[in-house]
Amino acid sequence: MRIERDSLGEKKLPDTVYYGIQTARALENFPVSGIREHPAFIRSYVWIKRAAAEANRDLGLLDADRAAAILKACDEILSGSLQDQFVVDVFQAGAGTSFNMNVNEVLANRALELMGKKRGEYGSLHPNDHVNMAQSTNDTFPTAMHLSALVLHTRVRTSLEQLTSSLRRKGEEFAEVIKSGRTHLQDAVPITLGQEFSAYAAALDRCAGFLQAAAGQLRELPLGGTAVGTGLNAAPGYRERAVAYLSKYTGFELTSAPDLREGMQSRLAIAAMASTVKLLALELTRVANDIRLLASGPLTGLDEIILPAVQPGSSIMPGKVNPVMAECLNMIAFYVMGSETTISLAAQAGQLELNVMMPVMIYSLLQSMELIANYLPVFAEKCIDGIRPNVERCRRYYETSPSLATVLNPVIGYNAAAEIVKQALRENRSIIDVVRERGILSEEELRKVFSRANLTGSSE
């Protein structure tokens with residue numbers, strides 16, 4: 001055991017741990033969920049500590065030996081070591097002070113070892129004075145929020161592009177499969193199955209554009225504002241150097257926030273990304289719902305598409321296969337929508353110079369982004385890529401749909417077309433048969449008016 005001291009007193013810690021007394025207090029105070037910070041957030045925080053050490057070394061404020069030890073400790077963690085030492089619960093002290101100190105203490109104690117000292121010998125290298133030099137939780141935590149959200153944004157975009165490509169390929173594959181459209185869940189004019197799937201791809205393309213725009217706001221960092229955005233205790237030139245180092249580490253084009261006071265007060269950029277992820281979830285839910293409807297049956301539903309069978313669907317009904325991949329996507333989307341509500345409430349809860357609700361915001365956002373990034377490729381591979389059209393069912397639906405008479409409006413007028421619909425329904429016949437019987441159109445005109453190209457909007 002070793003004894004560490006802070007402004008509240010002293011505490012014994014196992015000599016095997018790298019975290020210190022303030023982390024130990026957080027473990028006692030916040031035994032809430034057992035959930036630890038996302039790896040991308042830990043990595044982002046260590047990037048910040050590394051950038052700060054380099055900037056302070058360049059400015060002559062951190063001596064070369066201490067700087068070298070801190071940089072080496074950062075590099076070890078960035079390479080994957082000591083991940084089990086970041087133990088603070090995601091539900092913690094406001095603003096994230098506990099986690100900032102967790103990072104400071106782990107880096108300080110590892111740096112001390114690298115200097116040939118014992119853990120806890122903070123006279124040689126201190127978590128606050130050296131690792132946290134020119135920093136505050138209030139500027140480092142939101143900076144780590146932005147960086148980690150940018151990291152996950154890249155993964156979400158990649159996964160979204162894979163799903164969009166799968167939908168687009170199905171749009172091309174199903175281009176010739178004509179079917180009945182539906183509005184109000186009632187029969188409508190024809191459309192092709194390919195047009196439906198191409199529209200899904202277009203909707204997700206639009207979501208990708210929204211995500212890209214939201215990511216642009218995250219590239220502005222509040223680092224260097226320290227406690228309230230005034231930059232107290234940060235030397236001239238520190239902010240610019242630290243942000244430049246972060247750009248180098250991450251590969252992102254990062255800039256300093258135009259107004260560091262606003263950078264402390266407002267979490268609007270995080271809320272914007274969360275709202276954009278929610279918009280994506282809304283579209284994903286709509287697509288999943290359509291997939292389930294189109295595949296419903298096989299005898300008592302629409303049965304226009306056939307989904308790949310990935311697992312048995314029932315513990316009691318033999319042979320049943322369910323749209324489980326779309327169901328899972330629905331549940332993920334519902335979770336994302338709920339998380340966005342949490343983030344919105346936290347974003348408006350900022351008071352005066354600081355929003356202290358940051359820990360729950362970044363946990364909720366990164367969890368949502370992680371779920372989407374993980375699942376969309378699986379959904380594309382195990383559901384969309386294996387969909388087959390039920391061509392005969394699609395053809396029968398559109399040929400017998402009374403809405404097919406809509407194409408006659410420019411030829412014989414709305415009222416006359418309505419009479420044909422009534423007869424077709426009354427006699428349980430197709431619109432084409434009734435038109436042919438009445439002699440309204442010649443066979444050549446019938447072929448032209450009721451051609452796939454004319455019915456689906458691809459004819460001149």
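Coordinate-derived values only; no laboratory data. Worth saying up front: this structure is predicted, and the values here are computed from it rather than measured. Neighbour counts are summed over all protein chains in view; Cβ atoms, including those assigned to glycine, are modelled from backbone coordinates with ideal geometry.
General remarks:
- The value of relative contact order for the range 139-391, using C-alpha pairs under 8 Å at least six residues apart, is 25 percent.
- Length gained when the stretch Leu78-Leu59 is fully extended (0.36 nm per residue, less Cα-Cα span): 4.4 nm
- Anisotropy class of the range 1-124 from Cα gyration tensor, a/c 1.5 cut: oblate
- Those lysines that a straight Cα-Cα span of less than 17 Å connects to Lys170, excepting residues fewer than 8 apart in one chain: Lys179, Lys382
- Our note on the geometry: Cα centres of the range 86-144 and the range 194-214, 42 Å apart.
- Label of the coordinate-derived value, Cα extents along the principal axes in Å, listed as [x] 69, 54, 43; [y] 85, 56, 49; [z] 101, 52, 34: [z]
- Charge tally in the Cβ shell below 12 Å around Ala269, where Lys, Arg are +1 and Asp, Glu are -1, Ala269 excluded: 0
- For a straight C-alpha distance cut-off of 24 angstrom, the lysines reachable from Lys117 (same-chain residues fewer than eight places away being disregarded) are Lys11, Lys12, Lys49, Lys72.
- If the chain linking Ser296 and Arg169 were pulled fully straight, counting 0.36 nm for each residue of separation and taking away their Cα-Cα distance, it would gain 43.5 nm.
- Using a cutoff of 8 angstrom between alpha carbon atoms and counting only pairs six or more residues apart, the relative contact order for the range 319-430 works out to 20 percent.
- Taken as Cα centroids, the range 289-330 and the range 1-78 sit 50 Å apart, rounded to the nearest whole angstrom.
- For the chain, the relative contact order works out to 16 percent when only alpha carbon pairs closer than 8 Å and six or more residues apart are counted.
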